[in-house]
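Take a look at the structure set out below.
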Amino acid sequence: MAAINITNVSKIYAGGVEAVKSVSIDIADGEFIVLVGPSGCGKSTLLRMVAGLEAISKGTVEIGDRVINDVEPAERDIAMVFQNYALYPHMTVYNNLAYGLKNRGTPKAEIDARVAEAARMLEIEQYLTRKPRALSGGQRQRVAMGRAIVRKPAAFLFDEPLSNLDAKLRVSMRGEIKQLQKRLGTTSLYVTHDQLEAMTLADRLVVLNGGQIEQIGRPLDVYHTPASTFVASFIGSPAMNLLRGTREGTQLHFGSQVLDLGRPPAFPGPITVGIRAEDLRIARGGEQSLTLKVEYIEELGAQRLVHGTVDGKKLTASLSPEIGIGDTLSLSIAPERLHFFDADTGKRLAQPFDASATKRETAQTLEMAAG
Amino acid sequence: MLGLNKSAGKPREETDAKRVQFNSRLLPYLFLAPQMAIIFIFFYWPSVQAIHSSFYLEDPFGFGSTFVGMANYTDVLKSGEYLGIARFTAVFTALVTFFSLAIGLLLAVKADGVIRGNATYKTLLIWVYAIAPPVAGLMGMMMFDQHIGPLVKVAAFFGWDMKVGLNYNDTAFAMIVVSVWKQIPYNFIFFLSGLQGIPVSVREAALMDCRSGFRRFWTVILPLLAPTAFFLLIINTTYALFDTFGVIDVMVKDKAANNPITLVYKVYMDGFRGNDLGGSSAQSVILMIIVFVLTIFQFRFIERRVHYN
């Protein structure tokens, strides 16, 4: 068990393509960090540099105060779980688990004990004599996890370990990974492109885009205060609505539609406004509202996603299924629930209605009481 | 393959469902007919002929034949010369198979390390195989030529007066070298494609589990290469036994008598040079039995250790 310090790490491929651009992350001992981003954002490359499967072009990676830039992968005291399991097809499950220990000269009795322990934890005891090809996808994934666990490494590295499983299994394995990590307390670095997986697993999220860190933070902080339009649109499902508008006085103009905020936003000019679908609600009479032209509706059971346009711009609202829906809807939003981003850089701007979490909750309670 | 089905434990219905259904019972046999005809004309028929004539003493000029029972076989098996040739064939086959497999594998492993993902380089390396075997054989032979062969000169530099075609051991050495050399590209290609078929992530997993590259090779790479290696073992054994005929012929033809030859060349010598068709047929039958036994042995005892994916 150890902390991992990634300092100004870059990956530059032959030909000058920079896949990872000066990334720094400090991971505390026992922390579960998820690297998330779209394909090609450099998350896997970063993980593979920590694993030692890719050379580190610039910067340093430390595991437990030891710089491991030039240390062999087998000597880094890490274990990795691969996307396609990467089990040794010619070995039994037992040998798959024992292989790494045997190569490190662990005594036979201890190997037996550790394999038995991991097998019990993962409920794969009855498969120990089988070969991987006689196992299902979920069982193989458990074996792959077991191979990491028996080593008792300083850190686990996960490279999209659940993406080959079907949806149901993915959800249950996700829960198991989380529990297992909490129980073992092993520092973990987990790569995924699935924002839901990232949200549910992470102690802290690292959102990557184009080889750079967009934001690091706890899942809910990232969700509630996205640092950029990229993070806003990437984290959360449905994605945050982003509307281009202009500020004039106390008003926000979206084409012909106007939202009066009652208080002036910082200074006039163009702006990108972010609205979470679940923050929108049906406007009561006389309230400030936007008119949504309804295009289609997705029924999710517990809620209902209404897709449409506001002055030609796409907007999605998440509403309760009990509410009747016509061709147009008047939607209102509490001003402190609006997110403001720079129209050019996409960076988050200082919020004129700075709502701390507590304030937000109070507002919500009041609204509920009022409604 | 049988073992594979057993251990996979597939339900019987599943394999049946994959079977193509024919309306006519005759049709499948009709499809098989061309292949069967070829096997019949070039294998079964000559085999039966050989077995038949191995029991007769044939007149060299084709004027008749006399039934002699097992006499041809007992003559051959009692002959010290024949047993000597058999011994040489065994050594020759073992050495040629071993070295062509080992060197082919070594080159493939080294090439695999470099060309992973580099298609151009791979194509360049594989081109070697496009050189026609007789041309390759002839080139190899020239290397050992008494007058212009560079290898003979190199040997002379170290004080080895190499006389290929005159000295028994020198000829044997040249024969083995050329036979191995001819077979390496073939093995190289199969091993290389076998190596490239091993999933990258499995290699990477091994990289994290095992520090020593040598140990990784023996415990992960080689076992995964076993199906390829087993296939090549059979192909190379057959090659060393039969297909080296051309190499041997070029080396010992019209040379002084005391040169090493293999069993298949002895069949040819006795049958077509010595005009002893009966004795030569008996030798063919013996050779056939040897190959039969060897193949069964390989499948029974070596294939069992092979892991198929």
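Structure summary
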item: Any hit, region A:65-87, residues being more than 9 Å from chain B (Cβ to nearest Cβ) and basic (Lys, Arg); result: yes
item: Residue B:70 being farther than 30 Å from residue B:247 by Cβ, under 32 Å from the mean Cα position of the chain (by Cα), modelled with pLDDT of 90 or more and surrounded by 11 or more Cβ atoms within 10 Å (Cβ to Cβ); result: no
item: Per-region count, region B:95-126, residues surrounded by 15 or more Cβ atoms within 10 Å (Cβ to Cβ) and at pLDDT 70 or above; result: 14
item: Filter result for residue B:198 (in contact (Cβ under 8 Å) with a residue 12 or more places away in the chain, within 14 Å of another protein chain (Cβ to nearest Cβ) and not in a helix (DSSP H, G or I)); result: yes
item: Filter result for residue B:129 (hydroxyl-bearing (Ser, Thr, Tyr), within 22 Å of residue B:232 (Cβ to Cβ) and at pLDDT below 85); result: yes
item: Count of region A:27-64 residues which are within 14 Å of another protein chain (Cβ to nearest Cβ) and either of a type outside the set (A, V, I, L, M) or crowded, with 16+ Cβ neighbours inside 10 Å (or both); result: 11
item: Top-ranked residue in region A:313-361 [being in a helix (DSSP H, G or I) and either of a type in the set (Lys, Arg) or at pLDDT 75 or above (or both); ranked as surrounded by the fewest Cβ atoms within 10 Å (Cβ to Cβ)]; result: A:359
item: Failed condition for residue A:187, given (1) of a type in the set (S, T, N, Q); (2) over 20 Å from residue A:83 (Cβ atoms); (3) surrounded by fewer than 23 Cβ atoms within 10 Å (Cβ to Cβ); result: (3)
item: Which numbered condition residue A:78 fails, given (1) free of Cβ contacts under 8 Å to residues at least 12 places away in the same chain; (2) within 12 Å of residue B:209 (Cα to Cα); (3) in contact with a strand residue (DSSP E or B) (Cβ under 8 Å, 6 or more places away or on another chain); result: (1)
item: Top-ranked residue of region B:171-195 - restricted to ones that are surrounded by fewer than 22 Cβ atoms within 10 Å (Cβ to Cβ) and among the β-branched types (Val, Ile, Thr), ranked as nearest to the other protein chains (Cβ to nearest Cβ); result: B:189
item: Selected residue (only one of A:79, A:98 is farther than 30 Å from residue A:236 by Cβ and out of contact with any Lys or Arg (no Cβ under 8 Å at 6 or more places or on another chain)); result: A:98
item: Some residue of region A:201-209 being over 23 Å from residue A:81 (Cβ atoms) and either at pLDDT 95 or above or out of contact with any Pro (no Cβ under 7 Å at 6 or more places or on another chain) (or both); result: yes
item: Complete set of residues in region A:88-145 that are small (Gly, Ala, Ser), within 13 Å of another protein chain (Cβ to nearest Cβ) and buried (at least 16 other Cβ atoms within 10 Å of the Cβ); result: A:98, A:100, A:144
item: Residue pairs meeting the criteria (Cβ under 6 Å; at least 6 apart or on separate chains; first more than 25 Å from residue B:234 (Cβ to Cβ), in region B:276-301; second among the aromatic types (Phe, Trp, Tyr) and assigned to a helix (DSSP H, G or I)); result: B:282/B:73
item: Members of region B:209-265 found to be among the acidic types (Asp, Glu), outside any loop (DSSP other than H, G, I, E, B) and more than 14 Å from chain A (Cβ to nearest Cβ), listed by number; result: B:243, B:249
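The values are calculated or read from the model by the stated rules, or taken from the named source; none is laboratory data. Because the structure is a prediction, the values reported are computed rather than measured. We place every Cβ from the backbone using ideal geometry, glycine too, and count neighbours over all the protein chains shown.
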